[in-house]
């Protein structure tokens, strides 16, 4: 669990039990959140968003604002597990 402040609001970042990642990656995620800055408080309670990081993949965040400002990382999806539908066919995402 991490605590950080944006616009004088204290936030808590926690990781879902299924998300097992190294400390270095967790620190990288926290630094990525700092780049969001004032955009973060604009997300409403119950909303979700993703951040793409070249090294990690897609990081899925869930926003809670009651009773506290909490972000939960519910999943980290590496690029090799991305798929897309094209012409009614499911293929690995290759972008």
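Where a number appears in this text, it was derived from the coordinates with a stated rule and is not lab data. Source: prediction; values computed, not measured. Every residue, glycine as well, gets a Cβ built from its backbone with ideal geometry; the counts of neighbours run over all protein chains shown.
Would you mind computing, in nm to one decimal, how far apart the modelled labels at residue 70 and residue 47 are, each placed 7 Å from Cα along Cα→Cβ?
1.9
Cα centroid distance between region 78-92 and region 32-62, in Å?
Region 78-92 and region 32-62 have Cα centres separated by 23 Å.
Between 0 and 90 degrees, rounded to the nearest ten: what's the tilt of helix 23-36 against the longest Cα principal axis of the chain?
Here the helix axis deviates by roughly 80 degrees.
Considering only DSSP beta bridges with both partners in region 12-95, what is the antiparallel share in %, to the nearest 5?
Around 80 percent antiparallel, to the nearest 5.
Let me check against my output: what whole-number percent is the relative contact order of the chain, with C-alpha pairs under 8 Å and at least 6 apart?
The value is 25 percent.
Which one of 69, 83, 49 has the biggest mean-square fluctuation once the chain is modelled by GNM with Cα springs under 10 Å?
83
So, R0 is 41 Å and r is the distance between the beta-carbons of residue 21 and residue 89; what FRET efficiency does that work out to, to 0.05?
0.80
Where does each of 50, 60, 76 land when they are ranked from fewest to most other beta-carbon atoms within 10 angstrom?
So the residues, fewest neighbours to most, are 50, 60, 76.
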